[in-house]
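No value in this document is a laboratory result; all are computed from the given coordinates. Everything numeric here is computed off the predicted structure, so don't read it as measured data. Cβ: placed from backbone, ideal geometry, glycine included. Neighbour counts: every protein chain shown.
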Amino acid sequence: MKKILMLAVFALSATLAGAQAKYIFLFIGDGMGFGAVTLTEDYLSSQSAATTGSGTLAFSTFPVAGFSTTYSTSSWVTCSSASGTAFACGSKTRNGRLGMNEDATQSFTSIACRLKEKGYKVGITTSVSIDHATPAAFYAHQPSRNMYYEIAQDLAKSGFDFFSGAGLLNPLGKDKKQENVLDLIEKSGYTVVRSLSACKASAAPKLLLLQPESKPQSAFPYVIDKTADDYTLASTTALAVEKLHGDKGFFLLVEGGKIDWASHDNDAGSMVREVVDMSDAVNVALDFYRKYPKQTLIVVTADHETGGLGVGSGEGGSIGAIRGLANQKASVDKLIRRMEEGAVSYSALKAWLAENMGVALTFDDEATLRDLFAQNAKSKPASDDTPCTLQNAGSMAKAIMRIVSAKSGGSYSTFGHTGTMVPVYAIGEGSELFGGKIDNTDIPKKIAKAAKVEWK
Ligand SMILES: [Zn+2]
């Protein structure tokens, strides 16, 4: 009996010692606080149910859940580069720094680099530009997150296997006189492709998948504005998995970058669709997990909250209000374009909002809209039908979107980030490490532990 027991204990400890996260997914919903997750689930639920309830995102029912701090060394309210540095490199830094310490005298080593050293393949996938703070925190070391040319130079040196995103923000440098950094990246051994089919067909060992040059290089279009040929986060994540999967294991970062952008503009209708887009990408990872459950770890979290989003206020929390999010047909970007494409009258703007935002404005809303119009019109309109050139379209659009969103359950309190904690969800090998309250600097250390890689 004793012998059998000893054998059982031996077998169990051998299993534990051998268990190792070989395929690791880290999803970052940029700006995805509890409000963003809750409102998206309420929106999903409201589409199919007659009463209140909670819909389900791919990650929200993961068996392990917790929450993470987000503060940086310089502020309770972090920026994406300081939080990116924390969960990529395991050390806090001040806002604006990227992969470096507070006084920019020391470069940190990210979990992606540590795993690369151990033989893992590494992929970085985002819905914004690849040199943006969150993805860059895994491969770049710069005093400022705005040094896009230098960040892209770091990308060329990274040795990572797969990158995908919209493009690069500053390929010719600030003075536009530097060597095109894409040439530099190609000289370092990368093949640049600009379509999903070219990426799928390529056998190149190191790939950079960008949007076509005819599209903006700063970000994928908002999901709400997408056309059939636009990339989704799920489509690029699926390609990343295809390219990275092999004997050696992989680490894949996936960023839903425009959850944050929509939230900065207080555009709840666009925001919920961005969260669903990331959830679709998580489903790609879950399909993979189902094939390799004992070797796969999926972690989903956020870098910070954006917008100070509350779910509903008064009637804004009714099922009818939240169901109204589905009626929105265009993002804040299209509103800005409508205001900038030429002179527009108050009546025409109001009609555009009724057609595209799907909400009925009250008498008070109209008064606010009329004030905004008068403040931003270059010349005083003779009547509601007088076309006017509008200035400050960006800030005017934000103010309009705050009104629109509040009517559909999205009550924003700021156009910036907030310092609240963010959710953490995990499934798979090592997922039990991610429960409870954790610090954002713990995330890469816990990933290393799950991968049985020593963190020194
Ligand atoms: Zn932001």
Rounded, prolate or oblate (a/c below 1.5 giving rounded, otherwise prolate when a/b exceeds b/c) for region 224-310 by Cα gyration tensor: prolate
If you plug each phi of region 353-364 into the Karplus form 6.51 cos²θ - 1.76 cosθ + 1.60 with θ = phi - 60°, what whole-Hz ³J(HN,Hα) values come out, in order, with x for Gly and Pro? 5, 4, 6, 9, 9, x, 10, 8, 7, 7, 4, 5
Using Cα-only point scatterers and the Debye equation, what is log10 of I(q)/I(0) for region 329-406 at each q in 0.14 Å⁻¹, rounded to two decimals? -0.38
Computed over region 51-113, Cα set: Rg, Dmax in Å: 15.8, 56
Can you pick out the pairs among 118/449; 116/449; 248/445; 215/350; 116/445 whose Cα atoms lie more than 18 Å from each other? 248/445; 215/350
Value in Å of the Kirkwood radius, where the chain supplies the Cα pairs that are averaged: 23.0
May I ask you to order 411-417, 107-113 by the average number of other C-beta atoms within 10 Å around their residues, highest value first? 107-113, 411-417
Rounded to a whole number, the Stokes-Einstein D of region 248-395 in µm²/s (Kirkwood radius over Cα pairs; 10 °C; 1.306 mPa s) is 87
Suppose we look only past 16 Å in the calculated P(r) of region 399-456. What percent of the Cα-Cα pairs does that tail hold? 60
Checking rank on 431-444, 199-212, with mean other Cβ inside 10 Å and highest first, the result is 431-444, 199-212
What whole-number volume per residue, in cubic angstrom, does the convex hull of the C-alpha atoms of region 150-211 give? 72
Could you tell me the center-to-center distance, by alpha carbons, between region 216-270 and region 323-379 in angstrom? 28
Here region 56-71 yields Karplus 3J(HN,Hα) values (6.51, -1.76, 1.60; θ = phi - 60°; whole Hz; Gly and Pro given as x) of 10, 8, 4, 9, 6, 9, 4, x, 10, 9, x, 8, 10, 5, 9, 4
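Please report the antiparallel percentage of DSSP beta bridges with both residues in the chain, rounded to the nearest 5.
35
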Would you grab the residues whose amide H sits under 5 Å from the one on residue 27? Only those 5+ places off in sequence or on another chain, please, with H modelled 1.01 Å from N. 254, 299, 300, 301
Karplus couplings for region 271-285 from phi (6.51 cos²θ - 1.76 cosθ + 1.60, θ = phi - 60°), rounded to Hz, Gly and Pro as x? 4, 4, 6, 5, 5, 5, 4, 5, 4, 4, 5, 4, 4, 4, 5
Once amide H atoms are placed 1.01 Å from N in the peptide plane, what residues at a sequence separation of 5 or more from residue 122, or on another chain, have their amide H within under 5 Å of its amide H? 161, 162, 251
